[in-house]
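Comments concern the structure below.
The values are calculated or read from the model by the stated rules, or taken from the named source; none is laboratory data. Since the structure is predicted, the reported quantities are computational estimates derived from the model, not experimental observations. Here the Cβ is made from the backbone with ideal geometry for all residues, glycine too, and neighbour counts use every protein chain on show. Calculation scope for accessible area: heavy atoms of the full protein, side chains included, ligands and nucleic acids excluded. Shrake-Rupley method; radii C 1.70, N 1.55, O 1.52, S 1.80 Å.
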Amino acid sequence: MTEPPDWDDDDWQPVDGVTRPEPPPLGERCPRCTTVVPAGTTTCPGCLAPAGAGPRPRRPAGGVLRLVFRAGGGHLDVPRGGEVRLGRSGAWAPEASALLADEETVSARHATVTHTAEGAAWVTEVARGATNGTRVNDRVLVPGQAVRLRDGDRIELGPRARFEVRGVAEEPAAD
């Protein structure tokens, strides 16, 4: 079909009263982890929180350090001046072994998290090395060398077990 000789793009006229329909919402951001929660979904796919649960507190009460595990929604609390061992061995890591028992890629003696009296936090992979390694925010740890943790850091024990650090003091006193 050919265009009429007087055809001009500037001749388009708006039509009053015609509106475009709004596209359906894709979802909303989770207030806890900012993952997009698809419309109609009742659970956040990122942090598994119920939709509309509200933001999670950034700092647990009492100066405690909280390790929040993605799978199962469990957590471990480490008081100031305390340490928690991470691994599948009930004798070596009594607090964490129940949370990590089904994680076959986590070593029996994998890593430790230390929370100093001043509020700083450190993670150390066991000196002889965990079979599947430890990562902090995708950075691979060297066995036996402590790495300073910050609030919101993501720790991976092997390829599947993950947790987030909550409650590290912003500027703890010098160690």
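Overview of results
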read-out	value
Among the candidates Gly129, Gly133, residue that is open to solvent by less than 80 Å² (accessible area, probe 1.4 Å), without any contact (Cβ under 8 Å) to a residue 40 or more places away in the chain and under 19 Å from the mean Cα position of the chain (by Cα)	Gly133
Selection status of Arg154, open to solvent by 40 Å² or more (accessible area, probe 1.4 Å), at pLDDT 90 or above, under 19 Å from the mean Cα position of the chain (by Cα) and within 16 Å of Leu76 (Cα to Cα)	yes
Thr116 being crowded, with 20+ Cβ neighbours inside 10 Å and of a type in the set (Ser, Thr, Tyr)	no
Tally, over the range 132-166, of residues that are under 16 Å from Cys33 (Cβ atoms) and either assigned to a loop (DSSP other than H, G, I, E, B) or among the basic types (Lys, Arg) (or both)	7
Test: residue in the range 117-129 that is assigned to a strand (DSSP E or B), in contact with a Pro (Cβ under 6 Å, 6 or more places away or on another chain) and either over 26 Å from Thr35 (Cα atoms) or modelled with pLDDT of 95 or more (or both)	yes
Matching residues in the range 19-49 - criterion: being modelled with pLDDT of 70 or more, β-branched (Val, Ile, Thr) and either surrounded by 10 or more Cβ atoms within 10 Å (Cβ to Cβ) or over 33 Å from the mean Cα position of the chain (by Cα) (or both)	Thr34, Thr35, Val36, Val37, Thr41, Thr43
Top-ranked residue of the range 52-75 - restricted to ones that are open to solvent by less than 60 Å² (accessible area, probe 1.4 Å) and over 25 Å from Ala121 (Cβ atoms), ranked as modelled with the lowest pLDDT	Gly54
